[in-house]
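Worksheet: the structure to be examined is printed underneath.
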Amino acid sequence: MTIRLIVGLGNPGAEYELTRHNAGFWLVDQLAHGELKRETRFAALAAKIRISGSEVWLLEPQTFMNRSGQSVGALARFYKIEPEQVLVVHDELDVVPGEAKLKLGGSHAGHNGLRDIHAKLGTDAYWRLRLGIGHPGVKSEVINWVLKKPMAEQRDLIQESIARSVKAADMLIQGEMEKATVQIHTSKPPRPKPPRPEGV
C-alpha cells in the first residue's frame, strides 16, 4: 500500500512555529519546498507534489492541534484516500530527540492531534512517523514542554531525525515500509566525549 497523504501536525501562528509540538510541520515544510497553499475547504495548508514519480498530498492542518482530524478527514474523503495510505508526522514524548519511529496503527497515547484523527477517520489504522522530542520527566510539565522551543542541542537532534525521514520519503511513497523503517530508525552513533584531563 502506497502513501498518498503526508500530514504534519502542529499549531498555526508565529508564536508556535519553533515549539516542539510543531515538529510535524517542520518535516512537511522540508518536503513542500515552499509549495504549500491555503486550502479553506480543508482548513489547512496543502500541496500536491511528486515524489519518485508518484503524486502525494502534503497537509498542515490550521485548526490547532486538537482539531487536526477535521482537515485530515476532509481531504482524505474528498480524494478517496484510505486510512492506510495516510502518514501522520507528529512529535513524540516517549522517543528521545534524534530518534524517529515509524508504525502502523495503535493508541493515540494521549496525543490530542492523533485522538482527533482517530475520531474523524473512524480508525487507528493509519501510519505514524513519531519524531522524538523527549519527556520533561514530570507529567504536569508536559503541556509546558511541548509548547516551548527545544534547546539548541535538542533542536539539532530533532532536525537530524527529520533529515533521515525526508531521505526515506521515496520509500514511503512506494510502500517500501521495511526499507523506510531502516532508513528512519538508523541514527548516527553519539559523538564520543573528549577525554578528561588527567588529575581532574
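The values are calculated or read from the model by the stated rules, or taken from the named source; none is laboratory data. Nothing here was measured: the structure is a model prediction, and the numbers come from that model. Cβ placement follows ideal geometry from the backbone for every residue including glycine, while neighbour counts extend to all protein chains displayed. Please note that ligands, DNA and RNA were not included when accessible areas were found on the heavy atoms of the full protein model with its side chains. Shrake-Rupley method; radii C 1.70, N 1.55, O 1.52, S 1.80 Å.
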Exercise. What residues have an amide H closer than 5 Å to that of GLU99, excluding those fewer than 5 places away on the same chain, when H is modeled at 1.01 Å from N in the peptide plane?
Worked result: GLY132
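Grab the Cα-Cα distance for LYS148 and GLU178, subtract it from 0.36 nm times how many residues apart they are, and report the gain in nm with one decimal. Present the calculation step by step, with values, prior to reporting the outcome.
Numbers: separation 30, 0.36 × 30 = 10.80 nm, distance 3.34 nm.
Length gained between LYS148 and GLU178: 7.5 nm.
Which entries in LYS103/LYS179; LYS48/LYS80; LYS37/LYS149; LYS37/LYS179 show an alpha-carbon gap greater than 19 Å?
Violating the 19 Å Cα-Cα cut-off are LYS37/LYS149; LYS37/LYS179.
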Seminar exercise, completed: Convex hull around the C-alpha positions of the chain: the volume in Å³ per residue is 132
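Report the antiparallel proportion of the DSSP beta bridges in the chain as a percent, rounded to a multiple of 5.
Values: 16 of 29 bridges.
For the chain, the DSSP antiparallel bridge percentage is about 55.
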Seminar exercise, completed: By accessible area (1.4 Å), largest first, ASP94, ASP156 order as ASP94, ASP156
Exercise. In Å and whole numbers, how far do the C-alpha atoms of the stretch 47-152 stretch along each principal axis, longest first?
Worked result: 41, 30, 24
Seminar exercise, completed: Computed over the chain: longest principal axis from alpha-carbon atoms vs helix 23-32 long axis, angle to nearest 10 degrees, is 60
Exercise. Considering amide H positions built from the backbone, and no H for Pro or chain starts, which residues 5 or more places from GLU39, or on another chain, come under 5 Å of its amide H?
Worked result: ALA44, LEU45, ALA46
Seminar exercise, completed: Under the Karplus relation with 6.51, -1.76 and 1.60 and θ = phi - 60°, whole-Hz ³J(HN,Hα) for the stretch 74-80, x at Gly and Pro, equal 5, 5, 4, 5, 4, 9, 6
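For the stretch 1-61, rounded, prolate or oblate, judged on the Cα gyration tensor with a ≥ b ≥ c (square roots of eigenvalues), a/c < 1.5 rounded, else prolate if a/b > b/c? Don't skip to the answer; put the middle values down first.
On the way: a/c = 2.06, a/b = 1.61, b/c = 1.28.
Note, shape of the stretch 1-61 comes out prolate.
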Problem set entry | Residue list for the stretch 1-35, given a label point 7 angstrom along the Cα-to-Cβ vector of THR123 and an amide N cut-off under 20 Å | 1-8
Seminar exercise, completed: With N residues in the stretch 78-130, Rg(alpha-carbon) / (2.2 N^0.38 Å) equals 1.13
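Can you give the Rg/Rh ratio of the stretch 41-90, where Rg is from the C-alpha atoms and Rh is the Kirkwood radius? It would help to have the intermediate numbers written out before the result.
Values: Rg = 10.8 Å, Rh = 11.4 Å.
Ratio of gyration radius to Kirkwood radius: 0.95.
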Exercise. For LYS148, which sequence-distant residues (separation of 5 or more, or a different chain) have an amide H within less than 5 Å of its own amide H, given hydrogens modelled in the peptide plane?
Worked result: ARG20, HIS21
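With every protein chain left in place, what is the accessible area per residue of the chain in square angstrom, probe 1.4 Å?
53
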Seminar exercise, completed: Expected vector for the stretch 100-112, Karplus 3J(HN,Hα) from phi with 6.51, -1.76, 1.60 and θ = phi - 60°, integer Hz, x for Gly and Pro, equals 9, 10, 9, 8, 10, x, x, 5, 7, 6, x, 6, 5
Problem set entry | Loop trypsin sites (Lys or Arg not before Pro), the stretch 34-102 (other Cβ atoms within 10 Å of the site Cβ: 15 or fewer; DSSP) | LYS80
Seminar exercise, completed: Share of accessible surface on carbon and sulfur in the chain, whole %, 1.4 Å probe and ligands ignored, is 53
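Dipole of the chain, Cα-centred, from +1 at each Lys and Arg C-beta and -1 at each Asp and Glu C-beta, to the nearest 20 debye? Intermediate values should be presented prior to the final figure.
Numbers: 27 positive and 23 negative charges, 24 e Å.
That gives a dipole near 120 debye.
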For this session: Starting from the alpha-carbon convex hull of the stretch 104-155, give the projected area averaged over all orientations, in nm².
Result: 4.3
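Say R0 is 41 Å: what FRET efficiency, to the nearest 0.05, do HIS135 and LYS80 get from their beta-carbon distance? Can you show the working numbers first?
Working: r = 38 Å, r/R0 = 0.93.
Result of the calculation: an efficiency of 0.60.
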